[in-house]
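Asker: Just dropping this structure here.
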Amino acid sequence: AQSVTQLDSQVPVFEEAPVELRCNYSSSVSVYLFWYVQYPNQGLQLLLKYLSGSTLVKGINGFEAEFNKSQTSFHLRKPSVHISDTAEYFCAVSEGSGNTPLVFGKGTRLSVIA
Amino acid sequence: EAGVAQSPRYKIIEKRQSVAFWCNPISGHATLYWYQQILGQGPKLLIQFQNNGVVDDSQLPKDRFSAERLKGVDSTLKIQPAKLEDSAVYLCASSLDQGSYNEQFFGPGTRLTVL
C-alpha cells in the first residue's frame, strides 16, 4: 500500500525568503507524484506533477519539486515566497497507471509573514 | 470549460440526521471520485466510479454512507444517520479515461458540520 508523509505540519516563512516543504512516500510499485495547493474554502489545485523523465519538475506560481527515487522523496521548493502563497499544501501519490486514486499526506500549512 | 460543481457548499445538521451531497463532474469525464477531508488531514478516497459502475468503495463506511451515479454523469453521496465524526469537507473530483495518466480536477467541496 502507498503512503505519504509530510514532515512539517506548519512552516512559517518571511516574505521573499526561500521555502522547502518536505514529502516522503512509500510504495512497492512505480508511482506518479503530485503537489496540490488548497486556499481557504476552496478545492484542490494542482501545482505540479512527476510522471516520468526529468526528476526536476516545474509547476505554476514559481514552484518546483525534485523526485529522488533513492530517498523516496518529492520535496517542494520556491526561491522567494509571496504573501499570496499562504495556503495548505498537500503531497500525493498514485500508482503509475490509469485512473488510480490519489493518496494524500496530511498537509503542510505555509504561512508567509510580511 | 466549466469545472466540477458541488452543492451545497455548507451544511449543518444534528447527529442521526441524514444528508446528501451532489456533484456534477466536468463534461465528458468518465471517472468520478468522492474524497473525505477531515480537519487537519489530507483527503481520503471514499468511492470511485467509472461511468455508472463502482471501481473502488473499500473505504466507504457502508453502514451509513451510500453513493450513486445512475446515468454516469452526476453523483450523489448520502450519509444516514450522520455521526459527529462525519464532520469534514467532502470533495468531488473527476477525470478523463484516456491513456496512462488522467489529471483529477477537484470541486470546491461541501463542508459538513454535525452537531
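Asker: Using each residue's phi in the range A:7-23, evaluate 6.51 cos²θ - 1.76 cosθ + 1.60 at θ = phi - 60° and report the 3J(HN,Hα) Karplus result to the nearest Hz, with x for Gly and Pro.
Answerer: 6, 10, 7, 9, 9, x, 8, 6, 4, 6, 7, x, 9, 9, 10, 9, 8
Asker: Using only the Cα atoms, what convex hull volume per residue in Å³ does the range B:1-100 have?
Answerer: On the way: hull volume 11.1 nm³, N = 100.
Enclosed volume per residue, from the Cα hull, is 111 Å³.
Asker: Ordered by residue, what ³J(HN,Hα) values in Hz, to whole numbers, does the range B:74-85 give under the Karplus form 6.51 cos²θ - 1.76 cosθ + 1.60, where θ = phi - 60° and Gly and Pro are x?
Answerer: 5, 9, 10, 10, 10, 10, 7, x, 7, 10, 4, 6
Asker: Under 18 Å between alpha carbons: how many lysine pairs meet that in the protein assembly as shown, if sequence neighbours fewer than 8 apart on the same chain are excluded?
Answerer: 17
Asker: Roughly how crowded by other chains is peptide B:55-63, in terms of the mean Cβ count from those chains within 10 Å of each of its Cβ atoms? Each step should come with its number before you reach the end.
Answerer: Details: counts 4, 3, 0, 0, 1, 0, 0, 0, 0.
Mean shielding by partner chains, rounded to a whole number: 1.
Asker: How large is Rg/Rh for chain A, to two decimals, with Cα atoms and a Kirkwood Rh?
Answerer: On the way: Rg = 13.5 Å, Rh = 14.1 Å.
A ratio of 0.95.
Asker: While we're here: Would you mind giving the total buried accessible surface between chains A and B, with a 1.4 Å probe and ligands, DNA and RNA left out, rounded to the nearest 100 Å²?
Answerer: Working: alone 6260 and 6530 Å², together 11090 Å².
Heavy-atom accessible area buried at this interface is about 1700 Å².
Asker: Here is a follow-up. Can you work out ³J(HN,Hα) from phi for every residue in the range A:38-48, in order, using Karplus 6.51 cos²θ - 1.76 cosθ + 1.60 and θ = phi - 60°, giving whole Hz and x for Gly and Pro?
Answerer: 10, 8, x, 6, 10, x, 8, 10, 6, 8, 6
Asker: If one computes the Cα centroid of the range B:71-115 and of the range A:1-73, what distance in Å separates the two points?
Answerer: So the two Cα centres are separated by 22 Å.
The values are calculated or read from the model by the stated rules, or taken from the named source; none is laboratory data. Owing to the predicted nature of the structure, the values given are computational and were not obtained by experimental measurement. Here the Cβ is made from the backbone with ideal geometry for all residues, glycine too, and neighbour counts use every protein chain on show. All accessible areas refer to the heavy atoms of the entire protein, side chains included, with ligands and DNA or RNA removed. Shrake-Rupley method; radii C 1.70, N 1.55, O 1.52, S 1.80 Å.
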